[in-house]
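The values are calculated or read from the model by the stated rules, or taken from the named source; none is laboratory data. Only a predicted model underlies this, so the values are computations on that prediction, with no experimental measurement involved. Cβ sites come from the backbone with ideal geometry, for glycine too, and all protein chains shown count toward neighbours.
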Amino acid sequence: MNNLLAISDLHVSHAENRRLLDRVVPSSPCDWLIVAGDVAERMSDIRWALERLSERFAKVIWAPGNHELWTTSGDPSAARGEERYRELVKMCGELDVLTPEDPYPIWEGSGGPVTVAPLFLLYDYSFRPDGTSTKEEALALAYESGVVCTDEVLLHPDPYPSLESWCEARVTETERRLQELDPRIPTVLVNHYPLVREPTRVLRYPQFAQWCGTERTADWHRRFRAAAVVYGHLHIPRTTWHDGVPFMEVSVGYPREWNRRGGYPGPARVLPA
């Protein structure tokens, strides 16, 4: 039996996580692997990980996380924003790894056919904490509590004036592409962030939710016939159900997290269900 597998938040810049990559292996030569972002921060680490995965799996499909988009002092690439993203897409092309810029592939294996759609959507601060009604209020609450995403320092929207405007452009273009898909074929929607707000309700620090998605995608799993939604970012691996659709959080997370959970179990199986 061949499988459509998924994983995210590999964070291979951590030595323990780097060693874990040896355990991300297919169970069949025909298995595909979805990688839903946050492989690493430096281009060299991202390339190292994706290259090894592409050697093992019949196909690797990648959607970017926020960590890949960071511009850090330790990375020879000083590209920011859209330019950084395009560098990542170019690198993936050299490794035969599919990205949100490629035609969406159709999984014909067990549980198929389904269109696997890797998405790059970002966030727009619309997952605001209770008691706030604007981005400014939400950010003020985060800074007051000391719970602020590193994106505020390292993730740049260039050439867009803000992350919200970059998010809006990505959502608009992605929505257009999804509307053009064959309506007879279900989808597996892949995004680094959850497409609905509900999974963020269990965050220990609710003010962090503003860096976790956009309300504009709340009905996409229904509109675009999702057989499953795959995401990461929250470091809370689990499956929740929304309107009968499984939303699979497939992150590895940091060593302290997966060690506390009793170890790393391997990639999640998306299909067959």
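Laid out as a table, the results:
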item: Residue 134 out of contact with any strand residue (DSSP E or B) (no Cβ under 6 Å at 6 or more places or on another chain) and either modelled with pLDDT under 95 or not β-branched (Val, Ile, Thr) (or both); result: yes
item: Breaking point among (1) closer than 15 Å to residue 190 by Cβ; (2) assigned to a loop (DSSP other than H, G, I, E, B), for residue 115; result: (2)
item: Residue that is in a helix (DSSP H, G or I) and among the basic types (Lys, Arg), where the choices are 269, 256; result: 256
item: From the options 55, 16, residue that is farther than 20 Å from residue 190 by Cβ, acidic (Asp, Glu) and in contact (Cβ under 8 Å) with a residue 12 or more places away in the chain; result: 16
item: Per-region count, the range 43-82, residues crowded, with 17+ Cβ neighbours inside 10 Å, of a type in the set (Gly, Ala, Ser) and part of a loop (DSSP other than H, G, I, E, B); result: 3
item: Selected residue (criterion: farthest from the chain's Cα centre (by Cα)) from residues of the range 146-168 that are assigned to a loop (DSSP other than H, G, I, E, B) and among the aliphatic types (A, V, I, L, M); result: 147
item: Failed item in (1) in a loop (DSSP other than H, G, I, E, B); (2) crowded, with 17+ Cβ neighbours inside 10 Å, with residue 92 passing the rest; result: (1)
item: Filtered residues of the range 169-194 (kept if free of Cβ contacts under 8 Å to residues at least 60 places away in the same chain and either closer than 20 Å to residue 273 by Cβ or within 15 Å of the chain's Cα centre (by Cα) (or both)); result: 170, 171, 184, 194
item: Candidates 143, 104, 85, filtered to the one that is surrounded by 17 or more Cβ atoms within 10 Å (Cβ to Cβ), among the aromatic types (Phe, Trp, Tyr) and outside any loop (DSSP other than H, G, I, E, B); result: 85
item: Count - residues of the range 199-234 that are at negative phi and in a loop (DSSP other than H, G, I, E, B); result: 10
item: Residue ID - nearest to residue 192 (Cα to Cα), chosen from residues in the range 217-258 that are surrounded by fewer than 17 Cβ atoms within 10 Å (Cβ to Cβ) and touching a residue at least 60 places away in the same chain (Cβ under 8 Å); result: 254
item: The range 63-91, subset touching a helix residue (DSSP H, G or I) at 6+ places or on another chain (Cβ under 8 Å) and of a type in the set (S, T, N, Q), residue modelled with the highest pLDDT; result: 66
item: Meets criteria (crowded, with 20+ Cβ neighbours inside 10 Å and either within 18 Å of the chain's Cα centre (by Cα) or over 28 Å from residue 80 (Cα atoms) (or both)) for residue 39; result: yes
